[in-house]
Amino acid sequence: MHIMVQKFGGTSLSSAEAREHVISHIRRELDNGYRLVVVVSAMGRKGDPYATDTLLDLIEQAGGSLSSREQDLLLCCGEIISASLLSSLLQREGILSTVLTGAQAGFRTDSQFGNARILDVVPTRVIEELENRNVVIVTGFQGQNVNGEFTTLGRGGSDTSATALGAALHAEMVDIYTDVNGILTADPRIVEDARALTHVSYAEICNMAHQGAKVIHPRAVEIAMQSGIPIRVRSTFSQSEGTLVANPEGFRDVQTGVVDRYVTGIAYVGNVTQITVQSSGQSEANLQLQVFKAMAAHAISVDFINVTPSGVVYTVFDSDAGKAKAILESMGFSPRILSGCAKVSVIGGGINGVPGIMAQIVEALTEQGIQILQSADSNTTIWVLVNKEDMVQALRALHTKFELAHQ
């Protein structure tokens, strides 16, 4: 069988007009000879009747609370409603379909309610339905633990469901449909001349997702990368091919001419606080160990870490800054706190080993009078920390410096 997995997000299912576009994408791929698995999210966004955040608000508005187990039961309802509605629309069009929950589709997870990890996917029932030429509609974002309890996979979980199913079924392609026309070089709400990319590597999109781009969840990309299944990020509202995500050798079919780019895109994470802790007598190794063990013990995520012989510098989310400061002071440290920062990332598979990239970053920001508070790099990413008030200007300056609008 030639199998394709399509995933449709909440905005793709939130209105009658959007759902007609979904049906057209399904019909096109059926006409192309594919057996289809369609993974769906809950319809709409916060405020819409069956969106995930709306379901959570029901409990909050009632002044109650739920255990994590019962909360997962509630949240599974949104995807079940989406799947059932889509199935009814396909039946109206004469397209046979079957709805399966994540558990029925074979998702086996651990028992971490609210953010479960997939242990295995055994898609026996999915294959049976595909052999009967049914479109299989699977509720994304959910699975089942060893005790038969419903579990959810955390934010972005439907993307993860789609690529995990693609891997288990040895699908030829996983198409992720969103409300934007592929992966862009920057956030178009900030950088007006951001451009849609025809192709990016798994490593590049993983870094873009981790650094703030919200087009696809990094866990989903990692699963696809491990199994070698290509992903396309496409718009529900057009017939465009969108952006192909694959290993670089998979780009041959979409490249025209020679593409030799160093930088692929610019991403950002706002609302972070820089914390600096300097040695005050104890051994440096002891300081570093104490600081990071304390953050871990209190479930505070740390990022942008620089360790020096005299101390440590790192960032936390603004929401955790007060808690982190109080913990450090209770340990006898005098941390320096700089709130209102933003991490800006320059991402590209061609960065590694190329001289002059950092010089261009510094030049672009210096020309705009933007102070770099901290920097770090990896094979595919260079990060700079700036004041949040400079973030928009920094993104635009770097996008222009690397000519991302014109490649």
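Could we say that residue 70 is in a helix (DSSP H, G or I), closer than 30 Å to residue 2 by Cβ and among the acidic types (Asp, Glu) here?
On the way: in a helix (DSSP H, G or I): yes; closer than 30 Å to residue 2 by Cβ: no; among the acidic types (Asp, Glu): yes.
No; evaluated as a whole, the condition is false for this residue.
In the list 344, 362, 392, which residue meets the criterion of being open to solvent by less than 20 Å² (accessible area, probe 1.4 Å) and modelled with pLDDT of 95 or more?
From the options 344, 362, 392, the qualifying one is 344.
For region 110-136, the set of residues classified as part of a helix (DSSP H, G or I), in contact (Cβ under 8 Å) with a residue 40 or more places away in the chain and either surrounded by 14 or more Cβ atoms within 10 Å (Cβ to Cβ) or of a type in the set (A, V, I, L, M) (or both) consists of 126, 127, 130, listed by residue number. Among residues that are modelled with pLDDT under 95, over 24 Å from residue 133 (Cα atoms) and not hydrophobic (A, V, I, L, M, F, W, C), residue 108 is not included. Among the numbered conditions (1) in contact with a helix residue (DSSP H, G or I) (Cβ under 7 Å, 6 or more places away or on another chain); (2) in a helix (DSSP H, G or I); (3) among the hydroxyl-bearing types (Ser, Thr, Tyr), the only one that residue 98 does not meet is (2).
Within region 152-181, the residues that satisfy the criterion of being surrounded by 24 or more Cβ atoms within 10 Å (Cβ to Cβ) and either within 30 Å of residue 67 (Cβ to Cβ) or at pLDDT below 90 (or both) are 152, 153, 157, 158, 159, 160, 161, 162, 163, 164, 165.
Selection of first residues in region 60-81 that are touching a residue at least 24 places away in the same chain (Cβ under 8 Å) and of second residues that are open to solvent by 70 Å² or more (accessible area, probe 1.4 Å) and not hydroxyl-bearing (Ser, Thr, Tyr), restricted to Cβ pairs under 7 Å at least 6 apart or on distinct chains, gives an empty result.
Yes/no matrix, rows are residues, columns are (1) within 16 Å of residue 78 (Cβ to Cβ); (2) at pLDDT below 95:
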site	(1), (2)
8	yes, no
16	no, yes
21	no, no
37	no, no
50	yes, yes
65	no, yes
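With the requirement that a residue be hydrophobic (A, V, I, L, M, F, W, C) and either open to solvent by 10 Å² or more (accessible area, probe 1.4 Å) or out of contact with any helix residue (DSSP H, G or I) (no Cβ under 7 Å at 6 or more places or on another chain) (or both), what does region 137-151 give you?
Going through region 137-151, the residues hydrophobic (A, V, I, L, M, F, W, C) turn out to be 137-138, 141, 146, 150.
Matches in region 137-151: 141, 146, 150.
Residue 199 satisfies every condition listed in (1) surrounded by 19 or more Cβ atoms within 10 Å (Cβ to Cβ); (2) under 15 Å from the mean Cα position of the chain (by Cα); (3) not charged (D, E, K, R) except (2).
Which count do you get for residues in region 1-38 that are surrounded by fewer than 15 Cβ atoms within 10 Å (Cβ to Cβ) and not in a loop (DSSP other than H, G, I, E, B)? Step through it out loud before you land on a result.
Step one: list which residues in region 1-38 are surrounded by fewer than 15 Cβ atoms within 10 Å (Cβ to Cβ), which gives 1-2, 15-17, 20, 24, 28, 31-33.
Remaining after also requiring not in a loop (DSSP other than H, G, I, E, B): 16-17, 20, 24, 28, 31.
Residues meeting the conditions: 6.
Of the numbered criteria (1) at pLDDT 95 or above; (2) in contact with a Pro (Cβ under 6 Å, 6 or more places away or on another chain), the one residue 194 fails is (1). Filtering region 202-217 to residues that are crowded, with 20+ Cβ neighbours inside 10 Å and not aliphatic (A, V, I, L, M) leaves 202, 204, 206, 207, 211, 217. Listed conditions (1) without any contact (Cβ under 8 Å) to a residue 60 or more places away in the chain; (2) crowded, with 16+ Cβ neighbours inside 10 Å; (3) within 23 Å of residue 205 (Cβ to Cβ) are all met by residue 383, apart from (1).
Taken together, 41, 84, 97 contain a single residue that is open to solvent by 20 Å² or more (accessible area, probe 1.4 Å) and among the hydroxyl-bearing types (Ser, Thr, Tyr), which is 84. Looking only at residues in region 365-380 that are closer than 20 Å to residue 270 by Cα and open to solvent by less than 40 Å² (accessible area, probe 1.4 Å), which one is nearest to the chain's Cα centre (by Cα)? Going through the qualifying residues, I end up with 376. Quick check on residue 308: is it at pLDDT 95 or above and polar (S, T, N, Q)? Judged against the criteria, residue 308 is not a match.
The values are calculated or read from the model by the stated rules, or taken from the named source; none is laboratory data. If you're wondering where the values come from, they're calculated on a predicted model, not measured in any experiment. Neighbour counts run over all protein chains shown; Cβ positions are idealised from the backbone, glycine included. Ligands, DNA and RNA are excluded from the accessible area calculation, which covers all protein heavy atoms including side chains. Shrake-Rupley method; radii C 1.70, N 1.55, O 1.52, S 1.80 Å.
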